[in-house]
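Here is the structure we will look at, set down as structure tokens.
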Amino acid sequence: MAGGRIILFDGLVQQAKSADEVAGVLGHELGHVRHRDTMTGLIRQLGLSVVLGGAGAMPAII
């Protein structure tokens with residue numbers, strides 16, 4: 001996932017009551033990684049807009 005890393009500890013697997021619980025935790029963590037990628041892209045786009053259009057420019061969100 002674009003540089004995002006999720007570390008799975010054996011304690012989670014040992015304490016989980018089912019594979020669904022582990023999958024739920026992993027899905028939750030993947031959401032954090034995806035959110036960070038989205039925010040990084042928006043910040044990058046904002047920076048480019050400022051460079052190209054000046055400090056008052058607003059980025060075009062696609």
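Do we have Ala57 as of a type outside the set (S, T, N, Q) and modelled with pLDDT under 70 here? Show your work before the answer.
Working: of a type outside the set (S, T, N, Q): yes; modelled with pLDDT under 70: yes.
Against the criterion (of a type outside the set (S, T, N, Q) and modelled with pLDDT under 70), Ala57 qualifies.
Is it the case that some residue within the stretch 12-22 is modelled with pLDDT under 80 and part of a helix (DSSP H, G or I)? Within the stretch 12-22, none of the residues are modelled with pLDDT under 80 and part of a helix (DSSP H, G or I).
The values are calculated or read from the model by the stated rules, or taken from the named source; none is laboratory data. The model shown is predicted, which means the values in this text are computed figures rather than measured ones.
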